[in-house]
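Shown next, in C-alpha cells, is the structure this report addresses.
The values are calculated or read from the model by the stated rules, or taken from the named source; none is laboratory data. What you are looking at is a predicted structure, and each value in this text was computed from that prediction instead of being measured. Methodologically, a virtual Cβ is constructed for each residue, glycine included, from the backbone with ideal geometry; neighbour enumeration extends over all protein chains shown. To get the accessible areas, we keep the full protein, side chains included, count just its heavy atoms, and leave off ligands, DNA and RNA. Shrake-Rupley method; radii C 1.70, N 1.55, O 1.52, S 1.80 Å.
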Amino acid sequence: MAFFLAVANRKGGVGKSTVSVMLAHALSVWGGKRVLIMDLDSQCNASLILIGGQGWSEARKANRTIADYFFDLFDGQSLQPKEYLLHGVGDVANGDGRAPKLSLLPGSLLLEDVQGELFLKQAQQSNDPDIVANRVRGRLEQLLRRFEGSFDVVILDCAPGLSFAALAALKIADKVLVPFRPDYVSQLAVDRIALIIEGKRNLDDLEEIPIEDRRYVCVANYVRDANGRERTLIEEIALVHPMLETQMPQRDGIANAFDWVSERQPIEQKYGNGVVDLKQLYSEILPMIDNAT
Ligand SMILES: Nc1ncnc2c1ncn2[C@@H]1O[C@H](COP(=O)(O)OP(=O)(O)OP(=O)(O)O)[C@@H](O)[C@H]1O
Ligand SMILES: [Mg+2]
C-alpha cells in the first residue's frame with residue numbers, strides 16, 4: 001500500500017512543485033522507495049522538470065497524460081492504468097549511476113478542460129450540482145488511488161486553487177505537505193487550506209483537533225531572514241498549525257530543482273548547496289511514511 005503525500009497550497013509560487021520533485025528524488029535515491037509523482041497542475045512544471053520538454057511533448061502526442069488517464073478511465077473502461085506511466089524519470093542517478101525507481105503520470109494543459117467535461121458528462125445523470133460534483137470528485141479519488149499497489153510513495157503535486165483533482169488529492173492524502181513563503185499574506189492561505197483538509201468551518205473548530213493529529217504539516221520555504229521578521233511570522237503560524245522543523249532558505253541549489261539536464265547526475269551534484277536542506281526535509285518526511293506503512 002502506497003503512502004499518499006499531497007503537496008498543496010491554494011497560493012501559487014510557494015514551492016509545491018519544487019518540494020514535490022526534491023522529495024521524489026530523495027525518497028527514490030536515498031530511501032530506495034518506489035515513487036510515483038502525479039502532476040495535477042496544468043502548468044505541468046513537475047513533468048517538465050522530470051522528463052524535459054521533449055519527453056513531455058511525446059507523452060502529449062501519445063495521449064498518455066493525466067488528462068487522458070482521467071478521461072479514458074472515468075467510465076470504468078478496462079484500459080490498463082499503468083500504460084499512462086513513465087518510469088525511470090528525472091535527471092538524478094542512484095549510487096550505481098542507474099535510474100532510481102521514480103515514475104511519473106505526466107501533466108496536461110487540458111486537465112482543467114477535462115475536469116469540466118467530466119462534470120458535464122456526470123451532469124446528464126443528475127440535476128443537483130452538489131451530487132454531480134461529489135461524484136466527479138469521488139471518481140477522481142478512485143482513479144488517483146489505482147496505483148497504490150505498485151508504489152511505496154505517491155506524491156501529488158497539486159495546482160494552486162481548488163480543482164476537482166486537487167480536492168480529490170487532499171481527500172485521499174495520508175499527509176498533506178503545505179509549503180508557504182513567510183510573508184504577511186501566507187497565514188491566511190495556510191488557514192484556508194487547513195480548514196479544507198480537516199473539513200472544518202473555522203479556526204475554532206480546527207483547534208478541536210490536536211496539532212499532532214492533523215493530516216497536514218506546513219513547511220516554510222524561500223526563507224531569507226531566518227532570525228528576523230520572517231521568524232516571527234513562522235512562529236505565529238506554528239502556534240495554530242503543525243510545522244516542520246526544516247526551513248528551506250532561498251538558495252540557488254534549491255532553484256536547481258527546476259533545471260532539467262539530459263544526463264543523469266548524482267543528487268548531491270544536482271542540488272549543490274541545497275542538499276543540506278533536502279537532507280533535513282527528507283529526514284522529517286521519511287519517518288511519517290515508514291511509520292504509516
Ligand atoms: N527555496 C527556494 N530557493 C530558491 N528558489 C526557489 C525556492 N523555492 C522555490 N523556488 C523557485 O520559486 C519558483 C516557484 O516555485 P514552484 O514552482 O515550486 O512553486 P509552486 O507552488 O509549485 O508554484 P505554482 O503554484 O505556480 O504551481 C520557481 O522558480 C522555483 O525555482
Ligand atoms: Mg507548481
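Give the residue, chosen from Val185, Val276, Val240, Val219, that is under 18 Å from Leu5 (Cβ atoms) and either open to solvent by less than 10 Å² (accessible area, probe 1.4 Å) or β-branched (Val, Ile, Thr) (or both).
Details: Val185 fails: under 18 Å from Leu5 (Cβ atoms); Val276 fails: under 18 Å from Leu5 (Cβ atoms); Val240 fails: under 18 Å from Leu5 (Cβ atoms).
Selected residue: Val219, the only one of Val185, Val276, Val240, Val219 that is under 18 Å from Leu5 (Cβ atoms) and either open to solvent by less than 10 Å² (accessible area, probe 1.4 Å) or β-branched (Val, Ile, Thr) (or both).
Residues in the range 124-176 that are open to solvent by 60 Å² or more (accessible area, probe 1.4 Å) and of a type in the set (A, V, I, L, M): Ile131, Leu162.
Checking the condition of a type in the set (Gly, Ala, Ser), part of a loop (DSSP other than H, G, I, E, B) and at positive phi, which residue from Gly161, Gly107, Gly149 passes?
Values: Gly107 fails: at positive phi; Gly149 fails: at positive phi.
Criteria check complete, one pass: Gly161.
Inspect all residues belonging to the range 181-201 and state whether any of them is of a type in the set (Lys, Arg), more than 30 Å from Ser28 (Cα to Cα) and part of a loop (DSSP other than H, G, I, E, B). Please lay out each step first, then the result.
Going through the range 181-201, the residues of a type in the set (Lys, Arg) turn out to be 181, 192, 200-201.
If we keep only those that are more than 30 Å from Ser28 (Cα to Cα) as well, we get 192, 200-201.
Cutting the leftovers down to part of a loop (DSSP other than H, G, I, E, B) gives us 200-201.
Yes, the conditions are met somewhere in the range 181-201.
Yes/no matrix, rows are residues, columns are (1) in contact with a Lys or Arg (Cβ under 7 Å, 6 or more places away or on another chain); (2) touching a residue at least 60 places away in the same chain (Cβ under 8 Å); (3) closer than 20 Å to Ala166 by Cα:
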position	(1), (2), (3)
Trp30	no, yes, no
Arg34	yes, yes, no
Asn45	no, yes, yes
Lys61	no, no, no
Leu73	no, yes, yes
Glu112	no, yes, yes
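Mind checking which residues of the range 223-237 are outside any helix (DSSP H, G or I) and either open to solvent by 70 Å² or more (accessible area, probe 1.4 Å) or over 27 Å from Asp174 (Cα atoms) (or both)? Residues satisfying the conditions are Arg224, Asp225, Ala226, Asn227, Gly228.
Taking the range 25-79 only, how many residues are under 17 Å from the mean Cα position of the chain (by Cα) and either within 29 Å of Leu286 (Cα to Cα) or open to solvent by 20 Å² or more (accessible area, probe 1.4 Å) (or both)? Can you show your working first?
Narrowing the range 25-79 to residues under 17 Å from the mean Cα position of the chain (by Cα): 25-28, 33-51, 65-67.
Keeping just the survivors that are either within 29 Å of Leu286 (Cα to Cα) or open to solvent by 20 Å² or more (accessible area, probe 1.4 Å) (or both) gives 25-28, 33-51, 65-66.
Of the residues in the range 25-79, 25 are under 17 Å from the mean Cα position of the chain (by Cα) and either within 29 Å of Leu286 (Cα to Cα) or open to solvent by 20 Å² or more (accessible area, probe 1.4 Å) (or both).
Residues in the range 205-216 that are surrounded by fewer than 18 Cβ atoms within 10 Å (Cβ to Cβ) and not in a loop (DSSP other than H, G, I, E, B): 4 in all. When the range 71-101 is filtered for residues that are touching a strand residue (DSSP E or B) at 6+ places or on another chain (Cβ under 6 Å) and in a loop (DSSP other than H, G, I, E, B), the ones remaining, listed by number, are Leu85, His87, Val89, Gly90.
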